[in-house]
Amino acid sequence: MSIPPGPPSSPEPYPQPGPYGQPGQPAPFGAPQGWYPAPAPQKTNALAIVAFVMSLVCALPLVPLVLGIVALSQIRTRGEKGKGLAVAAIVIHGVTIAFYGILLVLGLSGALDDGPSPKRDTSGQVTDSGSSKVSDIRKGDCFNTNGDLAEYQDEDGGEASFSVRVLPCDQPHEGEAYAVFNLDNGVYPGTEKVTSLAEEKCAGTLLTDYVGKDPKLSEKLEVYYYFPQATTWALGDREVTCFLGDTSGASTGSVRATGS
């Protein structure tokens, strides 16, 4: 007797893949496990940018240096970008200060003078021309400014050289000093205040005392003055030198009134 075969067994259903592989199996290595927010981009520190820009344009002394140091502190605590900008600002401004400091020391020491000093007689009058520091100009001295005087026609003035060429007034010259005085000691009051004080005194009785109350001056002559900058003030400079100048060319002779 034979036994009839049983009904064919139905094949097991083919397992359908799940979202992360076969059912009951772990997700393949490296497969994403869900959604995660992207990390927020780092901000660049604003002070670092300002410090860098100011260091390039030679802004107020020490300001880029201070801003760069503050920016580095903020970058460390906030995790911001901009460390390179802050460091560059500190280095650039430090080099700039050192450069101008060296020029200032050389200028005040006379190392940048372009020749021997002027010769004077026993009364102090110049008898032979020579190079002189601006701070050594005396009342009654006539001098040439090496082209600087033309820049002073601008409303904000110009950057003066450290030295001038002093010569006898009977020789062609651009300027003639009629007063020299010192400002009061203390903290540097700022360029605007210094120039205001200098202009007030130079345009007052100091001028009329030198040229007389009814002088016959050339219309080309104008009042100018040398005044201390913040950097020279820190070294003890308080001197203001008032002088009459002619930007259109050189003149001959003194404008000093007899007996003044």
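What follows is calculated from the coordinates using simple rules that are stated; it is not laboratory data. Please read these numbers as outputs of a predicted model, since none were measured by experiment. No Cβ is skipped: glycine too gets one built from the backbone with ideal geometry, and neighbour counts run over all protein chains shown.
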(message) How would Arg165, Arg138, Arg78 line up from fewest to most surrounding beta-carbon atoms within 10 angstrom?
(response) Arg78, Arg138, Arg165
(message) I'd like to know how the stretch 119-245 sits against the 2.2 N^0.38 Å rule of thumb: what's its Cα Rg over that expected value?
(response) 1.04
(request) Quick one: which residues, 5+ away or cross-chain, put their amide H under 5 Å from the amide H of Asp141? H built at 1.01 Å from N. (result) Ala177
(request) Net charge near Asp209: determine it from the other residues with C-beta under 11 Å of the C-beta of Asp209, scoring Lys and Arg +1 and Asp and Glu -1. (result) +3
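How long are the three semi-axes of the equivalent ellipsoid for the stretch 46-109, computed from the Cα gyration tensor as the root of 5 times each eigenvalue, in whole Å, largest first?
Details: eigenvalues 142, 17, 12 Å².
Equivalent-ellipsoid dimensions as semi-axes: 27, 9, 8 Å.
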(request) Give the cross-link partners of Lys119 among the lysines, using a straight C-alpha distance below 26 Å as the criterion and excluding same-chain residues fewer than 8 apart. (result) Lys133, Lys139
(request) Just report the Cα centroid separation between the stretch 178-250 and the stretch 55-81, whole Å. (result) 37
(request) Highest first, please rank the peptides 88-101, 120-133 by the mean number of other Cβ atoms sitting within 10 Å of their residues. (result) 88-101, 120-133
(request) State, as an integer percentage, the relative contact order of the stretch 119-245 based on alpha-carbon contacts under 8 Å between residues 6 or more apart. (result) 27
(request) Can you tell me the order of 214-226, 230-242 when each peptide is scored by its average per-residue count of other Cβ atoms within 10 angstrom, highest first? (result) 230-242, 214-226
